[in-house]
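**Student:** Encoded as structure tokens, here's the structure I'll be asking about.
The values are calculated or read from the model by the stated rules, or taken from the named source; none is laboratory data. Bear in mind the structure is a predicted one, so any value in this text is a computation, not a measurement. As a convention, Cβ positions derive from the backbone with ideal geometry for all residues, glycine included, and neighbour counts pool all protein chains shown. Side chains are part of the model used for accessible areas, which takes the heavy atoms of the whole protein and leaves out ligands, DNA and RNA. Shrake-Rupley method; radii C 1.70, N 1.55, O 1.52, S 1.80 Å.
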Amino acid sequence: MNAVFSRLPMHWRCGALIKAGLVLVFTTVGGAPVSANAQALSLINGESTQKIALGELRHQSDVTFTVFDPYQGRDVEMRGVAFRDFLIEHFGEIPPALYFTAWDDYEVSLGGWDDPTWYLVTFEDGEPLTLRSRGPIRLVEREYSGRDVANLRDFNDWVWMIRSIEAQW
């Protein structure tokens, strides 16, 4: 498993972890301020861009689970949608690679995975995620047994503050 880190924002340094079958490349794009108006998720497929209203995505969030949040050091109730199903619904199949852009212009590319334990989360402890709570949308892994919770680099691969997801065929 290879990971290349390039000038990671502070809040990402401890969250970038590797899981078998997952290839990550991390970069940042400098300087643009985070928009306080995170109202939609952009899905990009070639020349086509679809916007999904944050309210609609929250409405679709039909799976609730409790997971240990290493950044808060406690169990957290999360609600979201199964990411695999979401990808199939919007892209027709699971793209070989995905390119994420966050509201703080952080970028990450994920490839080579098809894992049903990933969820797009829009609620935490019954409250909608906001930019201040590392939202409004997060990609989280629901199960990560066998990992040392004291070692964040072995804990999970969450992507925070998602603004857009681009299919890379």
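**Student:** Scan segment 70-86 and give yes if some residue there is small (G, A, S), touching a Pro at 6+ places or on another chain (Cβ under 6 Å) and at pLDDT below 95, otherwise no.
**Tutor:** Taking every residue of segment 70-86 in turn, none turns out to be small (G, A, S), touching a Pro at 6+ places or on another chain (Cβ under 6 Å) and at pLDDT below 95.
**Student:** If you go through segment 39-62, how many residues are outside any helix (DSSP H, G or I) and more than 17 Å from E166 (Cβ to Cβ)?
**Tutor:** 4
**Student:** Oh, and also: Residues being in contact with a Lys or Arg (Cβ under 9 Å, 6 or more places away or on another chain), open to solvent by 20 Å² or more (accessible area, probe 1.4 Å) and not hydroxyl-bearing (S, T, Y): count how many of those fall in segment 111-146.
**Tutor:** 8
**Student:** Residues of segment 63-116 being in contact with a Ser or Thr (Cβ under 9 Å, 6 or more places away or on another chain) and assigned to a loop (DSSP other than H, G, I, E, B), which ones?
**Tutor:** Within segment 63-116, W103, D104, D105 meet the criteria.
**Student:** For residues that are modelled with pLDDT of 95 or more and loosely packed, with under 13 Cβ neighbours inside 10 Å, tally how many sit in segment 32-49.
**Tutor:** 4
**Student:** Conditions: (1) open to solvent by 30 Å² or more (accessible area, probe 1.4 Å); (2) modelled with pLDDT under 95. A53 meets all but one. Number of the miss?
**Tutor:** Result: A53 passes all but (2).
**Student:** Also, quick follow-up: Taking only pairs six or more apart or across chains, which ones have beta-carbon atoms under 6 Å, a first residue in segment 50-74 that is farther than 20 Å from T117 by Cβ, and a second residue that is open to solvent by 80 Å² or more (accessible area, probe 1.4 Å) and modelled with pLDDT under 95?
**Tutor:** Cβ pairs passing all conditions: L54/Q39.
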